[in-house]
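Worksheet: the structure to be examined is printed underneath.
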Amino acid sequence: MDIYNEISAALQKGRDKLAVELVGKALEQSLSAQEILDQGLMRGMDVVGDKFKNNKMFLPEVMMAAKAMSKGTEVLKPFLASGGPSGLGKAAIGTVKGDRHDIGKNLVKMMIEGKGIETIDLGVDVSAEKFVGACKDKGVRIICCSALLTTTMKEMKRVVELFEKEGLRSQVAIFVGGAPVTEGFRESIGADYYAADAASAAEMVREVALKHRAESQLESQI
Ligand code: B1M
């Protein structure tokens with residue numbers, strides 16, 4: 001069995017210590033952190049998702065697998081978050097109201113931070129009011145909403161609507177993502193950007209942050 005399969009198997013069995021050990025071993029073999037994430041941890045989590053859907057795995061086992069995923073990802077963090085230019089402003093990220101899935105959200109956060117952007121983690125089960133609060137109280141101009149449930153992705157529409165109601169819509173760029181979210185859904189709710197995975201989300205956030213910085217530099221010159 002190659003190391004990626006071993007990592008995937010350890011994750012599926014919820015063996016977090018073994019998953020961490022194997023991720024470390026893969027790094028020692030100079031394998032890329034992104035490949036270890038995609039071919040090992042994520043692949044294992046996909047199998048878990050399928051088994052969960054087909055009632056071949058149940059909640060406690062999925063939670064153990066999720067723990068192994070989180071711990072494995074922590075080991076990869078310094079290698080994935082490669083750093084970048086600073087002074088790019090702030091982003092806020094959270095999993096929307098009613099939704100407690102945070103593995104994908106944490107990955108997106110890690111990658112955005114890797115681009116040199118300070119990222120406020122609002123956690124899980126985050127209401128539209130909290131997202132708006134981050135803009136009002138902390139001057140955040142990039143809002144990132146994650147959802148993993150078809151029932152909770154609708155909360156993203158509430159986030160967009162509340163920014164509109166508060167007269168703050170033009171001040172923020174709203175990003176949406178998560179397994180059930182699509183570009184079509186983004187368009188239908190009037191959010192600004194959709195990204196399918198953490199790496200593209202971080203790249204797009206960086207581009208928007210650079211745009212915001214250029215705009216404010218221009219304003220200060222006028
Ligand atoms: Co949940 N769960 N779960 N679960 N769970 C799903 C999502 C599900 C698809 C499983 C299934 O049936 N196959 C299903 C949803 C069905 C649906 O809505 N259509 C489901 C369900 C039903 C539930 C419960 C309702 C089960 C129950 O209680 N009966 C319950 C809900 C609890 C709640 O939130 N209120 C529940 C609970 C749980 C656990 C607690 C056991 C655990 C979560 C642990 C945790 O997060 N700390 C869990 C898990 C682990 C999953 C699966 C198996 C894996 C999710 C995951 O972490 N994937 C999942 C099945 C699956 O997705 N295959 C499932 C790995 C992660 C890296 O991927 O989060 O997609 P993901 O993130 C990706 C991209 O989507 C993207 O980037 C990431 C990496 O590239 N991305 C963004 C994410 N956010 C983004 C934001 C962006 C841009 C990109 O911009 C802002």
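The values are calculated or read from the model by the stated rules, or taken from the named source; none is laboratory data. Computed from a predicted model, the values in this text were never measured in an experiment. For neighbour counting, all protein chains shown are included, and Cβ atoms are generated from backbone atoms with ideal geometry for every residue, glycine included. Keep in mind that these areas ignore ligands, DNA and RNA; they rest on the heavy atoms of the full protein, side chains included. Shrake-Rupley method; radii C 1.70, N 1.55, O 1.52, S 1.80 Å.
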When the stretch 7-29 is checked residue by residue, the ones that are within 14 Å of Pro78 (Cα to Cα) and in a loop (DSSP other than H, G, I, E, B) are none
Do you know which residues across the stretch 27-74 are farther than 15 Å from Lys13 by Cβ, away from the ligand (no atom under 11 Å from the Cβ) and open to solvent by 40 Å² or more (accessible area, probe 1.4 Å)?
Glu28, Gln29, Ser30, Leu31, Ser32, Glu35, Gln39, Glu74
The lone condition Glu164 fails out of (1) in contact (Cβ under 8 Å) with a residue 60 or more places away in the chain; (2) farther than 16 Å from Val96 by Cβ is (1)
So, in the stretch 95-152, of the ones that are open to solvent by 40 Å² or more (accessible area, probe 1.4 Å) and closer than 20 Å to Arg169 by Cα, which residue ends up nearest to the ligand (Cβ to nearest atom)?
Lys97
So which residues in the stretch 183-222 are polar (S, T, N, Q) and away from the ligand (no atom under 11 Å from the Cβ), if there are any at all?
Ser188, Ser216, Gln217, Ser220, Gln221
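Residue-by-condition table, conditions (1) over 15 Å from the mean Cα position of the chain (by Cα); (2) under 30 Å from Phe79 (Cβ atoms); (3) loosely packed, with under 15 Cβ neighbours inside 10 Å:
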| site | (1), (2), (3) |
| --- | --- |
| Ser170 | yes, no, yes |
| Gly178 | no, yes, no |
| Phe185 | yes, no, no |
| Ile189 | yes, no, no |
| Ala199 | no, yes, no |
| Val205 | no, yes, no |
Out of everything in the stretch 75-84 that is open to solvent by 90 Å² or more (accessible area, probe 1.4 Å) and modelled with pLDDT of 85 or more, what residue ends up being farthest from the ligand (Cβ to nearest atom)?
Pro78
